[in-house]
1. What residue, among those in segment 1-36 that are among the aliphatic types (A, V, I, L, M) and touching a strand residue (DSSP E or B) at 6+ places or on another chain (Cβ under 7 Å), is modelled with the highest pLDDT?
2. Starting from segment 2-27, take each residue that is more than 9 Å from the ligand (Cβ to nearest atom) and list its partners that are not hydrophobic (A, V, I, L, M, F, W, C) and not in a loop (DSSP other than H, G, I, E, B), counting only C-beta distances under 8 angstrom and pairs at least six apart or across chains.
Amino acid sequence: MRLPQGCALHPRCPKVFSSCTDGRPPDLIPVDGRTVACLLHCPAPAQAGQP
Ligand code: SF4
């Protein structure tokens, strides 16, 4: 199976932003007692969809 470049969910994610097509999210990031794999939750502003 061939996955899209970047985040595998970016073709159907409603919150997609430019970095999502370039880089894969880190494996798991702790957020509110759960873990996620999403660039929106990365601490670096450039990866958080901020201009
Ligand atoms: S990294 Fe997060 S915001 Fe970006 S496409 Fe994947 S799930 Fe959506």
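1. Within segment 1-36, the subset among the aliphatic types (A, V, I, L, M) is 1, 3, 8-9, 16, 28-29, 31, 36.
Next, only the ones that are touching a strand residue (DSSP E or B) at 6+ places or on another chain (Cβ under 7 Å) stay: 28-29, 36.
On the way: 28: 85, 29: 82, 36: 89.
Among those that are among the aliphatic types (A, V, I, L, M) and touching a strand residue (DSSP E or B) at 6+ places or on another chain (Cβ under 7 Å), it is 36.
2. 4/21; 5/21
The values are calculated or read from the model by the stated rules, or taken from the named source; none is laboratory data. The structure displayed is predicted, hence computed values, not measured ones. Quick reminder, even Gly has a Cβ in these numbers, built from the backbone with ideal geometry, and neighbours come from all protein chains shown.
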